[in-house]
Amino acid sequence: MTPQRTRTRVLILQHPRERHVPINTVRLARLSLPDAILRRAVDFDADPFVSDVLAGRDEGPPPYLLFPGPNAMDLAHERPPGPITLVVLDGTWWQASKLIKRNPRIAALPQLRLAPAQPSRYRIRREPHDHCVATIEAIAMALRALEGDDFDEARAAALLAPFDAMVEHQLAFRSRVQDARHLRASLARGPRPVRQPRVPGLEELRAAGERLVVVHGEANAWPTRAPGHPPPEIVQWLAWRPATGESFEAVVAPRGPLAPSASVQLRIDAAALAAGEPWAAFRARWEAFAREDDVLCGWGHFPIATLAREDILVPGTRLDARVVASRLLGARVGTPEDCAGRLEELGRAPGASRATGAGRGGARMDAIRRIVGALLVQSDGASP
């Protein structure tokens, strides 16, 4: 590992929770970039050095934040004039967003965005979006764009070489451990009976344990053919944590005009929707209920994807109960109510029906809960 000097000053602002993540890549970045500066906090107002950098009071080059905001400069097409201080946030996507919200001076910095040409090489950790890469990858890509020939492909490859080696080592270790466990289990069991093909998703559903949260949402969605229609917004959100029985329900007041047929489709009176709780109150309650490492299980992708477009905690690990049920039954499953009825007909009792919320959302959440309850006790590989 050869230390590398750059014109760009790299300032890494790390969320405290990342400090103890064993596969965090900031350690590797600092070994290769000895001039890189690391600061760790949630609120950086108490850090005089960071405060001076953000306010432009120190003697270093001007700060730019590496973050894909809507007005960010795309480094694939342009770059700031002269050397800069590259401010890099280290943490999960949610943690980075939290740092920006808690630190207005960071949010006010001019922003730079990357356009990765290929997925992250960080194969031992799932990224929530296609544009997300490991911190050391982001730094290497930014330096390559900012410094041009002074930081060529060879220097970028040298910076990433320890990272690539770590990834390969972790993958090899995981493979050896899995092979050893499989061998020990096979010797202990002896010959096994022939099983039906595994149903993808069942094992992941069960493995989620206390992190599993079943969710469903209903949206104020205008017809796509309506000219200038606003984007859909969540107006009802329901959740259930099977391991503890905890539940969550919210009817949220629409922030935009109500679609003409929304109250009819959602089976909730327009006045009841208008009297729903404000978005800020809903967000605070949901973020107190949910956890960053939760596994969200919904029906299809629309409800979770709609919520994820907002400035709100939406864990990145997700399962689609519709896909799992469809694979299990070997056929299209229709609505949640249709699927729950089909499981009942096949003798896979999904549990007694119970009211879980108002309108269509409550009925569908009830059916999804019953389906997930049946899937959690379903033996993997069993045929209908």
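Computed quantities for the displayed model
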item: Leading residue by the ranking (modelled with the lowest pLDDT) among those in the range 366-384 that are within 26 Å of the chain's Cα centre (by Cα) and open to solvent by 30 Å² or more (accessible area, probe 1.4 Å); result: Leu376
item: Residues being more than 22 Å from Gly82 (Cα to Cα) and touching a strand residue (DSSP E or B) at 6+ places or on another chain (Cβ under 9 Å) - total across the range 19-48; result: 12
item: Scope the range 2-18; condition among the β-branched types (Val, Ile, Thr) and either out of contact with any strand residue (DSSP E or B) (no Cβ under 8 Å at 6 or more places or on another chain) or farther than 20 Å from Leu146 by Cβ (or both); matching residues; result: Thr2, Thr6
item: Checklist (1) open to solvent by 10 Å² or more (accessible area, probe 1.4 Å); (2) among the hydrophobic types (A, V, I, L, M, F, W, C); (3) more than 25 Å from the chain's Cα centre (by Cα) applied to Val21, failing item; result: (3)
item: Residues (more than 30 Å from Gly316 (Cβ to Cβ) and among the acidic types (Asp, Glu)) located in the range 43-77; result: Asp52, Asp58, Glu59
item: Selection count where residues are surrounded by 15 or more Cβ atoms within 10 Å (Cβ to Cβ), under 25 Å from Trp94 (Cα atoms) and acidic (Asp, Glu), scope the range 35-59; result: 1
item: Total residues in the range 78-105, condition free of Cβ contacts under 8 Å to residues at least 60 places away in the same chain and among the hydrophobic types (A, V, I, L, M, F, W, C); result: 1
item: Test for Arg27: is it assigned to a loop (DSSP other than H, G, I, E, B) and among the basic types (Lys, Arg); result: no
item: Test: residue in the range 130-150 that is at pLDDT 90 or above, part of a loop (DSSP other than H, G, I, E, B), open to solvent by 20 Å² or more (accessible area, probe 1.4 Å) and not polar (S, T, N, Q); result: no
item: Neighbours by Cβ (under 9 Å, 6+ apart or cross-chain): first from the range 276-293, closer than 18 Å to Ala219 by Cβ; second open to solvent by less than 30 Å² (accessible area, probe 1.4 Å) and in a helix (DSSP H, G or I); result: Gly276/Phe282; Trp286/Leu307
item: Within the range 339-365, considering residues that are assigned to a helix (DSSP H, G or I), touching a Lys or Arg at 6+ places or on another chain (Cβ under 6 Å) and under 20 Å from Asp320 (Cα atoms), the one modelled with the highest pLDDT; result: Arg360
item: Selection within the range 240-261 - in contact (Cβ under 8 Å) with a residue 40 or more places away in the chain and within 16 Å of Thr306 (Cα to Cα); result: Val251
item: Test set (1) modelled with pLDDT of 85 or more; (2) among the hydrophobic types (A, V, I, L, M, F, W, C); (3) more than 24 Å from Ala250 (Cα to Cα); (4) surrounded by fewer than 20 Cβ atoms within 10 Å (Cβ to Cβ) - Ala308 fails condition number; result: (3)
item: Any pair with Cβ under 8 angstrom, 6 or more apart, that starts in the range 313-326 at a residue that is under 13 Å from Val215 (Cα atoms) and assigned to a loop (DSSP other than H, G, I, E, B) and ends at one that is open to solvent by less than 20 Å² (accessible area, probe 1.4 Å) and of a type in the set (D, E, K, R); result: Pro315/Asp294
item: Top-ranked residue in the range 254-305 [being β-branched (Val, Ile, Thr) and surrounded by 13 or more Cβ atoms within 10 Å (Cβ to Cβ); ranked as farthest from Glu233 (Cα to Cα)]; result: Val295
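The values are calculated or read from the model by the stated rules, or taken from the named source; none is laboratory data. Only a predicted model underlies this, so the values are computations on that prediction, with no experimental measurement involved. Quick reminder, even Gly has a Cβ in these numbers, built from the backbone with ideal geometry, and neighbours come from all protein chains shown. These area figures cover heavy atoms from the full protein model, side chains too; ligands, DNA and RNA do not enter into them. Shrake-Rupley method; radii C 1.70, N 1.55, O 1.52, S 1.80 Å.
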